[in-house]
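Every read-out reported here was derived from the displayed coordinates using simple, explicitly stated rules and does not represent laboratory data. This one's a predicted model, so the numbers in the text were calculated from it and none came from an experiment. Glycine gets a Cβ as well: all are built from the backbone with ideal geometry, and neighbour counts include every protein chain shown.
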Amino acid sequence: MALVNPFVSPTRTFLPLRVSAPPNKGLRWTLYSPSFKPSLRSKHVTCGATADIKAAPLADSEADGAVLEVPTSEEEVKVEYNWTEEWYPLYLTKNVPEDAPLGLTVFDKQLVLFKDGNGQLHCYEDRCPHRLAKLSEGQLVDGRLECLYHGWQFEGEGKCVKIPQLPADAKIPRTACVKTYEVRDSQGVIWVWLSLKTPPNDSKLPWFENFARPGFTDISTIHELPYDHSILLENLMDPAHVPISHDRTDWTAKRENARPLSFEVTERTDRGFAGWWGAEKDGSKPNFLRFEAPCVLQNNREFADKSGVTNYFTGLFLCRPTGQGKSMLIVRFGSTRSSSLLVKLFPKWYFHQNASTVFDQDMGFLSSQNEILLKEKVPTKHLYLNLKSSDTWVAEYRKWMDKVGHGMPYHFGHSTISLPKQPAVVEHAPAGLVAGQSASSPAKGGIGSIHAPNLANRYFRHVIHCKECRTAVKAFQAWKNALSAVAVTLIALAILVSGKQWKAILLASASLCSIGVYACSRAIAMNTTNFVRTHRRL
């Protein structure tokens, strides 16, 4: 993917990969055995490329060494890993509502996040102990979270403090409580620790050095996406696709600039990997990439301005798994360089809609990739044809999955797989604040295409999670309605008046209002309408 980035310029930086000690509990070994031979029909093709398990003849490019050889070993060492003993990014702090609960998920864990009367964040299991109603469907009453089914109220560490149906002399049962999860607000992002057995390990809480530098500013967006978080991470660490997939989406991506890339892996740990990359023809690797468990990816650069002052840039991607075939991404582009003219001239919603366009462009092939992985049910080494000149990070990521995938709910590694044990949950009626903001009727289905609860819909994927874009859409809608009314009134007056001069003035004013209506409609469409690729003649 490629987002409009007003901060970056080509240079080199070094930010070492922070290594955290891996957890030591909760192992679940579910491996793809090298001796297991699925029964698949062999496909004989002249080019030598095949997605089958059985080996195909070497293609010319493979004989020339263009194919990335990923070493495998039946004695590959697995590391202790428990997916619950990790910090996961929940939401941008600035977008957490002040007066309503927010329903979120991590893998199959359904959570509700809210602020109490003192502004303190709490995270509960999104399930009332009474009749299993979603608490994210509820409301805040005097700083307490109230279930809207029967009015039970919870506060603090999940303690139930009110049950309207209890007689005056009855006590609230001790078991009338909800599970709670530890959360942290760090550098503008809310993180959750998912283990209920192991105390939070704050040394694992991600800390981004550049974001703590004086003068560092960023543009942050959040998006829900209809494919697995591993597919998303793989896409984000693939710079080779940008000129093709996002041709002319911004001022940097052009398909004629697609070229071989050069990679250098400098660190491999149980927590991830890091290294440098750049265009092969330039002979330099100015970009530093770092991936760290469970779902943090960043690209870093440093560069000098005209006065010789060193500035720092980070493209940060926080990818939360939200269920089978779903993910949520927090994107943060930032720099210590003073805001450019581009940032000052354009409103934030413009950059946000550009990011949404990028995800629209990627969505079709990433969703289909997700479907094929689930259908084939084999490790990626039997499906991918990785190239040395573009796919090093992808291969490194899938190899890392081989190390830790046994400690996840499911995974697709380079040599191992672990398929989902639980059926995917389908939300027929999305709950809570998200549904309330996206729908315009109590049935949660909404009216009109932009309100449909559908992860392929840009409005549902981004706008309902972003205060800035939601406010902009409402403002443009209000201006559109007002200008439409004024235009109609001016036209009516032009019909009624007799003087030609007044008619001309009124009709000219009505025309200006109509132009304003059109501009508002275009702005609303930019924020709520999906990008549809039109193939152009090259």
Report summary line: With 0.36 nm assigned to each residue of separation and the Cα-Cα distance removed, K348 to A525 gains 62.1 nm
Query raised in the report: Going by average Cβ neighbours within 10 Å, how do the peptides 132-139, 522-529, 487-494 rank, with the highest at the top?
Result: 132-139, 522-529, 487-494
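If R0 is 22 Å, what FRET efficiency do you get for D185 and K467 from their C-beta distance, rounded to 0.05?
Numbers: r = 16 Å, r/R0 = 0.74.
E(calc), rounded to 0.05, equals 0.85.
Once you list every other residue whose beta carbon is under 11 Å from the beta carbon of I524, what net charge do they have if Lys and Arg are +1 and Asp and Glu are -1?
Details: positive: K474, K480, R522; negative: none.
Cβ neighbours under 11 Å give a net charge of +3.
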Query raised in the report: Which residues does a label at D305 reach in the range 330-373, if reach means a backbone N under 20 Å from a point 7 Å past the Cα toward the Cβ?
Result: 333-346
Requested in this report: Subtract the Cα-Cα distance of V265 and Q165 from 0.36 nm times their separation in residues, and report this length gain in nm to one decimal.
Outcome: 29.8 nm
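What is the packing order of peptides 189-197, 260-268, taking the mean over residues of other C-beta atoms within 10 Å and listing the highest first?
On the way: 189-197: 19.1, 260-268: 15.9.
Packing proxy ranking, top to bottom: 189-197, 260-268.
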Report summary line: Quick calc: nm separation of the 7 Å Cα→Cβ label points for I372 and A485 -> 5.4
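Quick one, what does Rg over Rh come out to for the range 87-193 if you take C-alpha atoms and the Kirkwood Rh? The partial results should precede the final answer.
Values: Rg = 13.7 Å, Rh = 14.0 Å.
Ratio of gyration radius to Kirkwood radius: 0.98.
Multiply the residue separation of Y149 and H130 by 0.36 nm, subtract the distance between their alpha-carbon atoms, and state the gained length in nm to one decimal.
5.9 nm
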Query raised in the report: Can you work out the FRET efficiency for the pair F365 and V425, with r the C-beta to C-beta distance and R0 = 22 Å, to the nearest 0.05?
Result: 0.30
Report summary line: Taking Rh as the Kirkwood radius computed over alpha-carbon pairs of the range 338-426 and applying Stokes-Einstein at 37 °C with viscosity 0.692 mPa s, one gets a diffusion coefficient in µm² s⁻¹ of 205
Query - Rg followed by Dmax, in Å, when the range 252-293 is reduced to its Cα trace - result: 12.5, 38
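Arrange the peptides 216-224, 311-319 so that the one whose residues have, on average, the most other Cβ atoms within 10 Å appears first. Write out the running numbers ahead of the final one.
Working: 216-224: 20.7, 311-319: 23.4.
Order by mean packing, descending: 311-319, 216-224.
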Report task. Please identify which residues in the range 256-296 have an amide N closer than 19 Å to a label point set 7 Å out from the Cα of T198, following the Cα→Cβ vector. Result -> 269-273, 292-296
